[in-house]
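The values are calculated or read from the model by the stated rules, or taken from the named source; none is laboratory data. Predicted model, so just to flag it, every value in this text is computed and none were measured. Don't worry about glycine lacking a Cβ; one is built from the backbone with ideal geometry, like all the others, and counts go over all protein chains shown. Note: accessible area is taken over every heavy atom of the protein model, side chains too, but ligands, DNA and RNA are not part of it. Shrake-Rupley method; radii C 1.70, N 1.55, O 1.52, S 1.80 Å.
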Amino acid sequence: MPKIALPDGSERVYENPVTAAQIAADIGPGLAKAALAAVVNDENWDINRVIEEDCTLRLITAKDDACLELIRHDCAHILAEAVLELYPETQVTIGPAIESGFYYDFYREKPFSIDDLDAIEKRMHDIVDRNEEIIRGEWSRDEAVEFYKKRNEPFKVELVEAIPANETVSYYAQGAFIDLCRGPHMASTKKAGHAFKLMKVAGAYWRGDSNNPMLQRIYGTAWTTEADLQAYLTMLEEAEKRDHRKLGKALNLFHMQEEATGSIFWHPNGWTLYREIENYVRRRLDAADYQEVKTPQMIDRSLWEASGHWEKFGENMFTANTQDDKTLALKPMNCPGHVQIYRQGVKSYRDLPLRMAEFGSCHRNEPSGALHGIMRVRAFTQDDAHIFCTEEQINSESVAFCNLLKEIYKDFGFTDIRVKFSDRPEVRAGDDATWDKAEQALTAATQAAGIKTSHNPGEGAFYGPKLEFVLTDAIGRDWQCGTLQADFILPERLGAEYVAIDGQRKRPVMLHRAILGSLERWIGILIEQYAGKMPPWLSPVQAVIAPITETTNEYANSIYQSLKQAGIRVQTDLRNEKIGYKIREHSTSKIPFILAVGAREAEAGTVAVRRLGSQNQEVMSVNEITSLLQAECMPPDLASKGK
RNA sequence: GCUGCUGUAGCUCAGUAGGUAGAGCACACCCUUGGUAAGGGUGAGGUCGAUGGUUCGAAUCCAUUCAGCAGCACCA
C-alpha cells in the first residue's frame, strides 16, 4: 500500500503498486500528458516504473530543467540505435547527456565521416517518429555479463564486470536496441522531439585513458524546442566571430607560424596591448608590496633535479647541451629561481612575508594536440610571484591575494569567476601529514577570504594543493587563469629557511600565485570577452585622426602632435580616401575614437568625435578632446588614484 | 601524443572526370578633393604546405612529413 507524498503537501494512498504515470493521471489529464519522468525520494524515476513503497514524488514536465537532461539522454540512446541500424558491425559503449547535448562512444574499424552523420541524423528522426516504447528492465550482474558476452561486446562486458556481483543492473530497451543504463528515460522515443542536431565526430579514448583503444565519439546537441536549438546554433556562430585567433589576425595583433610552433610573433598592436597589461600589473604588485625580480632563462638540470621538476616534468622541458657537456633546461617555472634569490643571505622572520614577483618567461614543451591559439602555447609569460611566509601568515596572505585578484579581474571587466580547490594528486612529493597541513591551511584561507570553491579532487600540483581561478571563453571553454598554491615541499627541497624569533632555523612556506596566469592566455581571453573591442586604456590605437580632404592634413598633423604629447596612442589617416571609407575601416579595426577634421573644424579649432559603436558625432575643441581622451584612456588603477 | 578533417595570391575562398591556376577584398599607380560604415579605372601577386612516387602530363591520384582545426589524453 504505497503512500505517496506530493510536493504540495498532499498524500495519496494506493492499494497496489503504482506508477508515476498513473499518479499523474489521477491528478489530472493535463498532467498525465505533460509528465515525462518523476523524482522519487530524490531519485530519478521513469514515468512507468513501478513504485511499491512509501515515497515522496515530484513529476517532471517539459518546464523542468531536468527535462533537458532526459531529452539528451534519450537522444544518446536514439543515436546508438540509429548507428546500429545503419552500421550493424559497430559496438556501442557509453553515451551520456552533457552540457548542451549528448554524445555516444562507438567502436568501429572505419571511422564515421561527416556524410555518415547526415545519414545517422536522418535515421534518428525516423526513430523518434516510430514512437518506440522505452522499457526498463533489470538483470542480475551475471545475466548482464552473459548477455554481452553472447553478443560479443567486450566493452560492455568490461563495464558490467566492474559492478559488484550481487547487484542488479537496469537496462533500457527501445525497438531492437537494448542498453545497459541507469536511466531514467522517457516513455517513448517520440518524447525526445526533433530539436536535436549531430555536431561533430572525434576520437575519444575508452574510459578516458590514452593507453586504451580509441573510440569514435559522435557529439550532438538537443533542446526542448526548435527555437532553443536555433538559438544555440546562433550563439555558436556568434562565439566563432569572437575567436581570438580570427580577431588576432584581423586586428593585426600577432601571428604564429610553422617554424615556431606554439610561440607568438607579437605585432606592434599586440605588443602595445601586452605592455599595457604588464605595466598595469606591475603597478598593482608594487602597490601591494611585491618586489620584482628576473631569473635566468636557462638553468642547469641539477637544480631541476633538486626541485623535483626533472623527474615529474622532464619530458616536457626544453633542454640545451653545452660544449662542456652540461645539460641546461629552459625554465618551465620560476619557483626554483626565486628560491635561489631568497637563499642569498640569511633571512629573518622579520623579512617575512617576502613577496617576490617576476614576469617569468617560461617554456614548456606541450603536446602538439594541446596547443590552441595563444591560449595554450609553448612559450609564455606568467605574472608569477612567490610569497615566502610563516605558516601563521598563510591566512592573511591568501586573503590579501584573493582580494587583489578580485580587484584586478574587475578592472579587466570580469566579475564572474569560478574557483576550484584542487587537492593532493596521486603522484606527489612530501608526506601525508604535510599535505594535511597544506590543504587545511588553504581551506581556512578560502573561508577567511569568503570564497566559494568547487572541489577538484586529485588535481593539485605535485608540491601542494591549489586554488584555480577559472574563466570561460567565448566558445564555452574553461581556462585556468589565476592560481594560489600552498607549498611546504619546495622550501625543504631547495633549502629555503629563516631565523625564527627564538633563534631557530625554520622552513618558510611558499605561496605560488598568479593572477592573470599567462599574459598570452589572458590576452586571448580579453579579445574574446570584448570581441576585439578593447576598453580604451587597452586599445593599441586609441584614436585616429581622419581629415576629410587633404587640405586639412596639416591641421590633422597639429592635433596629432598635441594628442601624442598628451600621452594618447593616436594615428593619422592621410590617405586619399573619402571620409566614409575611413570611418568604415577604423570602425572595423575597433578604434575607440575617430576624430574627423574638415575645413569647418580647422577654421574653428575643433574636431568631430565619433565613438566606436556610435553613429553620432560630437564637435569639441582640441582642449576638450585632449582631456576627454586622457580621462577615458587612463588605466583603471591610475584613474581611481586620481579621484 | 591519439583519431578524424583541412592546407591554392597578404586575407576570405572557387577550381567536380589529372591537360602547368581564378574571384572578391587588400596592395601599387592614375582619375576623383569627396562631411561620417566600401567613388572609379589600370596594374602587379601564386614552383597550389614540404618531400618522394604513379603518369606523356599532378593543385587534382598514392605514400611520407610538417602545420592548423575539432575532440580525447595532457596542462608544474
A:K249 label point, 7 Å along Cα→Cβ, cut-off 20 Å on backbone N: hits in segment A:518-543?
A:521, A:523-533
Percent relative contact order for chain A, counting Cα pairs under 8 Å at least six residues apart, stands at 9 percent
Please report the accessible area of A:E585 (heavy atoms, 1.4 Å probe, ligands and nucleic acids excluded) in Å², nearest 10.
60 Å²
For the A:K437, A:N403 Cβ pair and Förster radius 25 Å, calculated FRET efficiency rounded to 0.05 is 0.55
Largest to smallest accessible area among A:D436, A:D8 [probe 1.4 Å]:
A:D8, A:D436
In percent, how large is the relative contact order of segment A:400-489, given Cα pairs closer than 8 Å and 6 or more residues apart?
35 percent
Over what distance in Å are the Cα centres of segment A:498-562 and segment A:34-75 separated?
51 Å
Separation of alpha-carbon centers, segment A:569-606 and segment A:219-253, rounded to whole Å:
32 Å
If you line up the long axis of helix A:579-588 against the longest principal axis of chain A, both from Cα atoms, how many degrees apart are they, to the nearest 10?
60 degrees
Quick one: ranking A:R505, A:R493, A:R513 by accessible area, 1.4 Å probe, largest first, what do you get?
A:R505, A:R493, A:R513
Hz values of 3J(HN,Hα) by residue in segment A:186-197 - Karplus curve (6.51, -1.76, 1.60), Gly and Pro given as x
7, 6, 8, 5, 5, 4, 5, x, 10, 8, 9, 7
What is the calculated FRET efficiency for A:D351 to A:K33, with r their C-beta to C-beta distance and R₀ = 51 Å, to the nearest 0.05?
0.10
Take the alpha carbon gyration tensor of segment A:66-239, find the square roots of its eigenvalues, order them as a ≥ b ≥ c, and report rounded if a/c is under 1.5; if not, report prolate when a/b exceeds b/c, else oblate.
prolate
For segment A:543-639, what % of the accessible area comes from carbon and sulfur atoms, probe 1.4 Å?
47 percent
Can you pull the accessible area of A:L236 for me, 1.4 Å probe, Å² to the nearest 10?
50 Å²
Apply the a/c threshold of 1.5 to the C-alpha gyration tensor of segment A:483-550 and tell me whether it is rounded, prolate or oblate.
prolate
If you average the alpha carbon positions of segment A:385-424 and of segment A:283-357, how far apart do those two centres end up, in angstrom?
21 Å
Taking all protein chains in place and a 1.4 Å probe, what share, in percent, of the accessible surface of segment A:253-384 do carbon and sulfur account for?
46 percent
Heavy-atom accessible area of segment A:126-198 with neighbours in place, 1.4 angstrom probe: carbon+sulfur share in percent works out to 46 percent
Can you give the accessible area of A:T626 in Å² (nearest 10), computed on protein heavy atoms with a 1.4 Å probe?
20 Å²
Largest-first ordering by accessible area, 1.4 Å probe, given options A:K312, A:K564, A:K150:
A:K150, A:K564, A:K312
For the residue pair A:Q565 and A:R151, what label-to-label distance in nm results when each label sits 7 Å from Cα along the Cα-to-beta-carbon direction?
8.2 nm
Sparse-neighbour loop sites [GluC sites (Glu not before Pro); segment A:147-250; at most 13 other C-beta within 10 Å; DSSP]:
A:E167
Efficiency of FRET from Cβ geometry, A:M634 and A:E603, R₀ 35 Å, rounded to 0.05
0.70
Going through segment A:151-229, which trypsin sites (Lys or Arg not before Pro) have at most 15 other Cβ atoms within 10 Å and a DSSP loop state?
A:R151, A:R182
Send over a whole-number figure in Å² for the accessible area per residue of segment A:6-69, probe 1.4 Å.
59 Å²
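When ligands, DNA and RNA are left out and all protein chains stay put, how many square angstrom of accessible area per residue does segment A:413-484 have with a 1.4 Å probe?
Per-residue value: 46 Å².
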Below 8 Å, C-alpha to C-alpha, sequence gap of six or more: please give me the relative contact order for segment A:543-639 in percent.
28 percent
For helix A:394-411, report the angle its Cα long axis makes with the longest principal axis of the Cα atoms of chain A; keep it between 0 and 90° and round to the nearest 10°.
80 degrees
Is chain A rounded, prolate or oblate when judged by the Cα gyration tensor, a ≥ b ≥ c being the square roots of its eigenvalues, rounded requiring a/c under 1.5 and prolate requiring a/b larger than b/c?
oblate
Report the extension gain between A:T327 and A:N365 in nm, rounded to one decimal, defined as 0.36 nm multiplied by the number of residues separating them, less their alpha carbon distance.
12.1 nm
Hey, what's segment A:502-580 come to in accessible area per residue, 1.4 Å probe, Å²?
42 Å²
Expressed as an acute angle from 0 to 90° and rounded to the nearest 10, what is the orientation of the C-alpha long axis of helix A:519-529 relative to the principal long axis of chain A?
70 degrees
Can you list residues from other chains, or at least 5 along the same chain, whose modelled amide H is less than 5 Å from the amide H of A:G101?
A:A222
